[in-house]
Structure formats: C-alpha cells, structure tokens
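Undergrad: Quick one: structure below, then a few questions.
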Amino acid sequence: MLINSKTGDKVFISWSGGKDSYLSLLMAKEKDLQIACLLSFVGSDGFSRSHGLKNNILYEQANSLGIHLEIEEVTWESYEEGFENAVKRLKDIYGITGGVFGDINLKEHREWIEKMSDRCNISYNLPLWMMEERDVSDELIRRGGKTLLVSIRNDLVDEKWLGKVMDPGYVEYCEKIGISPCGENGEAHTLVVDGPMFKYPLPFKTGDIK
C-alpha cells in the first residue's frame with residue numbers, strides 16, 4: 001500500500017471499470033475516505049482510454065454503485081493536461097482533496113501518479129500497491145466481485161476465457177502458464193458487473209469477437 005492521504009480526505013476514484021479500480025474503491029471506503037466521484041478518461045470515439053469500454057457502460061456502473069461519474073476527454077498526448085483540468089473541475093464541484101488509484105506494481109505508473117498529484121496539490125492513495133497479484137485477484141473473488149474478461153491478448157491467453165467471469169480457475173491458469181493474473185502486462189482487461197456496493201448487477205450478453 002502506498003498512501004499520503006488521511007482519514008476524511010474527499011477523493012475521486014480513478015475509474016477504469018475493471019477489477020483493480022473497483023477493489024480500490026472498496027478498500028478506500030473501508031479507510032473512511034469520502035468518495036466524491038469516479039473519474040474516467042475517455043477518447044473522442046466514446047470509449048474509455050484504459051479498457052476500451054463504451055462510456056454508457058461506465059455510467060451504468062456508476063448508477064448501480066450510486067456514485068457520480070465524471071469523464072474527461074483526452075488523447076494520449078494530452079493526458080497530463082486532461083488530468084490537471086479534471087482535478088481542477090473536481091475541486092470546484094466536490095471539493096476533492098485526493099485521488100485513489102488501482103495500480104499494483106508498475107513503477108512508472110506510481111511515479112506518474114506522484115508527479116501529477118504533487119502538481120495538482122492533492123493527496124494520493126494506492127490501496128493495492130505491492131500486493132501480490134494472486135492476492136489481488138483472490139481478494140476480489142473473496143469479496144464477491146464479479147468481473148468479466150472483456151479483452152485478451154490472444155498471443156498470451158486462450159480465447160476460451162474471453163467473455164468468462166474471472167474465477168479461481170482463471171487465476172490458476174495464469175499462474176500455470178506464467179502470465180499476470182491481474183493483466184499487468186496487458187494480458188487481459190476486465191469489466192466489473194456485480195459485487196459489494198452494486199445496487200443491481202449490470203445486464204450483459206456476449207457478442208462477436210473483434
């Protein structure tokens with residue numbers, strides 16, 4: 001865990017729609033942080049930058065969780081500027097004092113968060129930082145989080161897992177073939193459809209593989 005926030009801080013959750021941001025939300029709530037909103041960065045094409053999810057899916061998650069979703073449209077080149085703009089807006093609207101991020105072990109991601117948090121004068125909280133990847137996956141499953149595998153690298157992950165719920169079998173499969181069960185190297189991305197704090201499960205059906 002990496003943290004420089006304090007109890008009572010009013011925070012946004014950096015929201016990808018996947019398992020890591022969701023588990024970070026649950027853990028931040030347990031630390032008595034005030035959850036002001038979710039924050040997602042999206043492209044002009046109507047899809048999230050992190051997981052390639054349609055914006056309407058992110059809004060549906062937020063509705064079920066009962067938390068406001070704020071989106072900021074960015075390009076990869078304008079990401080830092082977009083982050084600064086978003087934080088300024090959230091300070092004005094919600095009075096936020098910090099952010100919560102779902103990063104686990106990528107040093108360059110942590111350094112970026114520290115840099116941008118310092119630039120924007122906010123605290124940061126990384127509840128999953130340096131947890132064992134198996135522990136992150138197991139903790140989410142133990143808590144009853146239901147996440148779908150919505151994209152995979154087909155050179156690393158068997159296509160049979162696409163569209164399936166991430167379960168202990170998938171975690172064991174990843175460990176057996178030597179890949180990250182958390183997708184830290186881009187092996188797979190997830191979508192949370194149900195679990196603690198959800199007022200209702202997100203309806204879904206599997207479609208064509210692209």
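We did not get these values from a lab; they are worked out from the coordinates using the rules stated. Given the structure is predicted, the values throughout are model-derived calculations rather than measurements. Methodologically, a virtual Cβ is constructed for each residue, glycine included, from the backbone with ideal geometry; neighbour enumeration extends over all protein chains shown.
Undergrad: Once you charge only the Cβ atoms, +1 for Lys and Arg and -1 for Asp and Glu, what is the size of the charge dipole of the range 98-210 about its Cα centre, to the nearest 20 debye?
TA: 460 debye
Undergrad: For the range 73-157, run through the GluC sites (Glu not before Pro) and keep only the ones in DSSP coil with at most 11 other Cβ atoms within 10 Å of their Cβ.
TA: Listed in order of number, the matching sites are 77.
Undergrad: Also, I was wondering about something else. Express as a percent, rounded to the nearest 5, the fraction of DSSP beta bridges in the chain (both residues included) that run antiparallel.
TA: The antiparallel fraction comes to roughly 40 percent.
Undergrad: Would you work out the charge dipole size for the range 49-147 about its Cα centre, treating the Cβ of every Lys and Arg as +1 and the Cβ of every Asp and Glu as -1, and quote it to the nearest 20 debye?
TA: The dipole magnitude comes to about 320 debye.
Undergrad: Could you give the size of the charge dipole of the range 1-119 about its Cα centre, using +1 on the Cβ of each K and R and -1 on the Cβ of each D and E, expressed in debye and rounded to the nearest 20?
TA: 340 debye
Undergrad: In addition: Put a dot 7 Å past each Cα toward the Cβ at residue 106 and residue 200; how far apart are the dots in nm?
TA: Going by the 7 Å Cα→Cβ label model, 3.4 nm.
Undergrad: Additional query: Compute the long axis of helix 19-30 from its Cα atoms, compare it with the longest principal axis of the Cα atoms of the chain, and write down the angle in degrees, 0 to 90, nearest 10.
TA: Helix 19-30 sits at roughly 50 degrees to that axis.
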